């Protein structure tokens, strides 16, 4: 099928292969030549079909002046080449003949098939009764009409491992018109694995992708427009690792990473132990270690900016690492006993004579506040 540029308001002329629906440019198509072209008004014949398609371009068959194309049907106002000369020679003969009729243009013969009509409701259903199932060698494809299923399911592809289609390897479900913007769900039954993809929605949905293994693992990607806290990734391990990882972006405090390891189903014997509420456990869990990482602010000195903080509650130690200065291969780092930080933070009065202890007191109180702030943000993410 030939689609012309001026008639369809397109940038270039193209071919469409009816059997596949593929689109080809005129200078890059699998066709060798064109023998004839027709539409609902006329029929044009190529007088030299031995020419290659590249020699026929740019297909000016309507306004052909080379004599390569010949039209069949005479349209109003059109006359074939040579008709004017013949008519001038035979003017006298035509006037003398009585009952001579004027030449009338011919119309293209109508198609043999009747005009196609498709009911709008049936076209929307896409298949009889709104459902269609097709079987392949190791695959089954189910198509459903849009907004017909309660969960918004429009297509489901089931992949099998065997030719008898008994062992299911993967189930892919496609959705539309869902409030939670879920578009694709992939299930792996024998792996207890689930993968979900979501569309972007500024008002209420920020999930981009979820990977979940029942009872063991979950990983959630968030869209970049989540401006509440800058969270872009959350990874949870429930089996033996018992760890949660979060990654952030574009935060004013330059936080880019946070992780927490915990021990579930255990009572806290230490009064200074920290607890947290994890969504996958009914009771509070005991935190073992909290780690945070910060990106470098180019407007501030690198040596004064914290790169990583590690609060290890098992060994009761706090580690503070700073960024590298430009041109140096080493960086400053501090480590403190956690009990000392808590003890110094509880002291409100500082002697004016001991100026060195006063500065150290401020530093230790600052690091203890970082620990409390990290614990508070971890609890807020679990809500």
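Structure above, values below:
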quantity	calculated
Sole exception among (1) more than 31 Å from the chain's Cα centre (by Cα); (2) in contact (Cβ under 8 Å) with a residue 12 or more places away in the chain; (3) within 24 Å of residue 215 (Cβ to Cβ) for residue 321, by number	(3)
Condition met for residue 240 (out of contact with any strand residue (DSSP E or B) (no Cβ under 9 Å at 6 or more places or on another chain) and surrounded by fewer than 15 Cβ atoms within 10 Å (Cβ to Cβ))	yes
Qualifying residues in segment 127-143 (those that are at pLDDT 90 or above and part of a strand (DSSP E or B)) - the one farthest from residue 162 (Cα to Cα)	143
Contacts under 7 angstrom Cβ, first residue in segment 191-205 being more than 17 Å from residue 173 (Cβ to Cβ), partner part of a strand (DSSP E or B) and modelled with pLDDT under 85, 6 or more apart	none
The lone exception for residue 201 - which of (1) surrounded by 16 or more Cβ atoms within 10 Å (Cβ to Cβ); (2) closer than 24 Å to residue 224 by Cα it fails	(1)
Some residue of segment 13-26 being more than 25 Å from residue 111 (Cβ to Cβ), surrounded by 13 or more Cβ atoms within 10 Å (Cβ to Cβ) and at pLDDT 75 or above	yes
Hits in segment 25-73 - residues which are in a strand (DSSP E or B) and touching a residue at least 12 places away in the same chain (Cβ under 8 Å)	25, 37, 38, 43, 44, 45, 46, 69, 70, 71
Selection within segment 128-170 - crowded, with 16+ Cβ neighbours inside 10 Å, on the phi > 0 side of the Ramachandran plot and within 24 Å of the chain's Cα centre (by Cα)	152
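The values are calculated or read from the model by the stated rules, or taken from the named source; none is laboratory data. If you're wondering where the values come from, they're calculated on a predicted model, not measured in any experiment. Quick reminder, even Gly has a Cβ in these numbers, built from the backbone with ideal geometry, and neighbours come from all protein chains shown.
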